[in-house]
1. Gain in length, THR301 to ARG460, computed as 0.36 nm per residue apart minus the alpha-carbon separation, to one decimal in nm?
2. Within the chain, which is the longest segment that contains none of the trypsin sites (Lys or Arg not before Pro) sitting in a DSSP loop with at most 12 other Cβ atoms within 10 Å?
3. Within the accessible area of the range 144-260, what % is carbon and sulfur when the probe is 1.4 Å and the other protein chains stay in place?
4. So if each residue of separation counts as 0.36 nm, and I subtract the Cα-Cα distance between ASN215 and GLU490, what length gain in nm does that give?
5. Apply the Karplus parameterisation 6.51 cos²θ - 1.76 cosθ + 1.60, with θ equal to phi minus 60°, to every residue of the range 292-309 and state each ³J(HN,Hα) to the nearest whole Hz, in sequence, with x for glycine and proline.
6. How large is ³J(HN,Hα) for each residue in the range 133-143, as worked out from phi by the Karplus curve 6.51 cos²θ - 1.76 cosθ + 1.60 (θ = phi - 60°), to whole Hz, x for Gly and Pro?
7. Over the range 294-387, what is the relative contact order in percent, taking alpha-carbon pairs closer than 8 angstrom and at least six residues apart?
8. Report the FRET efficiency, 1/(1 + (r/R0)^6), for LEU348 and SER169, where r is their Cβ-Cβ distance and R0 is 41 Å, rounded to 0.05.
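The values are calculated or read from the model by the stated rules, or taken from the named source; none is laboratory data. Keep in mind the model is a prediction, meaning the values are calculated, not measured. All Cβ positions, even for glycine, are placed from backbone atoms using ideal geometry, and neighbour counts span all protein chains on display. Areas reflect the complete protein model, heavy atoms only, side chains present, ligands, DNA and RNA absent. Shrake-Rupley method; radii C 1.70, N 1.55, O 1.52, S 1.80 Å.
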Amino acid sequence: MKDKIKSTLERFSKAIVQPLMYLSVAGTILILGILLTNTSISSKITFLQAAPFQLIGKLIYDSLMFLINNLSIIFCVGIAGALAKRDKGHAALIALMAYFIFLNANHITLEFFNKIAEPGMLGLYGTGQASVMGIQVLDMGVFGGIILGCLTGGIFNKFGGKQFKGYFSMFSGVRFPFLLMILVSLGMGFIVAFVWPVVQTGIAALANLINRSGNIGLYLYGVLNKLLVPTGLHHLIYAPFQFTDVGGTLVLGEQVIAGAYPIRVAEMNMPDVMFSDSTYYNSYSFNNLFPYMGICFAFITTAYKKNKEKTKAMLVPLMVAAVLSCITEPIDFIFVFAAPILFLVHSLISGASLVLLKVLHIPASTSGGIVNILISNLVLGIEKTNWPMLFVVGAAVAVVYYFLFVFMIQKLDLKTPGREEEGKEAAVLASSEKTKAPVQKSTETKEAEGKGTDAVTIIRGLGGKANIETVDNCFTRLRVTVKDENLIQEDVINQVKNSGIKRKGKDIQIIFGMQVAAVRGEVEDALEKM
């Protein structure tokens, strides 16, 4: 049971990372969109104000932000495809259709029971509901997509080969999991309409408690603002503080201004008035900038040597995008599931950072990315914002994150980017391969090696087609689950060039290096022809 649970968690961890690996490419292009659409930059470089540059910038920025703002559907489709043992394209398509059914079922349920939220001054922001693909539903963050993706993958694997006779034959094969997912999606859309608001109500009650707790409350505010990001419930923490009297009030003559954000805007136009304490509820975005420099460099430092360049290529664009725009979700989701203890520590430090800003009297602007932060604070002046200390504290926080994360990753052997276990073991086995005694190979095998592998030989060494349950791969390994590990013949597998075989019960891992994806494809093709 322990091995089964561990294997399931490993598959989930690898599945959830796969959709995110595309975001490093998106992050690279997003940087250009940020630079072209940032008014602070275009006001200094005037030719960027020309219509063609503005159009290109808007096309890039809005299109790629659409991806980031819809991570839920990307997770749903990506996880289902990654978890499917065969016919991955069908599994991904079923997940996509299931997601749309879920959205509509949730909207119809909310509408039927008069639970649809009315947009306020800021639209649906802070209401606990959101518009997803043009459909108003409960705001579940990425959780809805993750749950549906996992359900689709599991149901597809279990029932994807089901066959029926006669009239019901139309439900055979991949159509049967789709039939089941229709029912699951309808049920989930209905149930969460009643379950999720209970969770949201609890969060709203906590916000009121925070408001009455001074620096302790500010600390909890900072912790929850970061900790709840994966659930999407962080909106219910900061929205009341930003835009209602929970975040404070300011009386100007006969006008009463409520909420930390409107109060800050009003106080910005009052040169002789210092910012009130409510402004520190606006400072949560401090934790969307400086910490991520330390976090990304810690991941790069602790990546295994052979994976460093790959890790840099993935993280540097995302870090630059975070610095320029404070968009951090792509980095958050890279490690929140792979190393949740790091995300917990990140959340705890985030709360301490807000209290530190208040104790040191640093009410400087922290939103909008590094360029906006510099310009907005320069305009307001040092006396009003104490902005130089913001960068001193920010640099110190980045250093603390770096050393703390490096220590924890190495001490706990956490599987952060670039630290997949095959990274270290493959290197060891590859070097030891040089000392292996040469294996006598048939003429057929030698000819097959000219193409890089002999799929039939691998299958024979794994006990034949009937003994193979699943075929998958990670960064360097062919991962196979077999029915009977006693049928494995390592001497036969070793007739095909590899860097080592690792066995964990029925889980067999053959290290092929970077060409493993091609090996897996050849094995799957050979299995289909048998």
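1. 53.1 nm
2. 213-435
3. The computed percentage sits at 70.
4. 92.8 nm
5. 6, 5, x, 4, 5, 5, 5, 5, 5, 4, 8, 5, 4, 3, 6, 9, 4, 5
6. With coefficients 6.51, -1.76 and 1.60, one gets 6, x, 10, 7, 9, 5, 7, 9, x, 8, 4 Hz.
7. Rounded, it is 22 percent for the range 294-387.
8. 0.15
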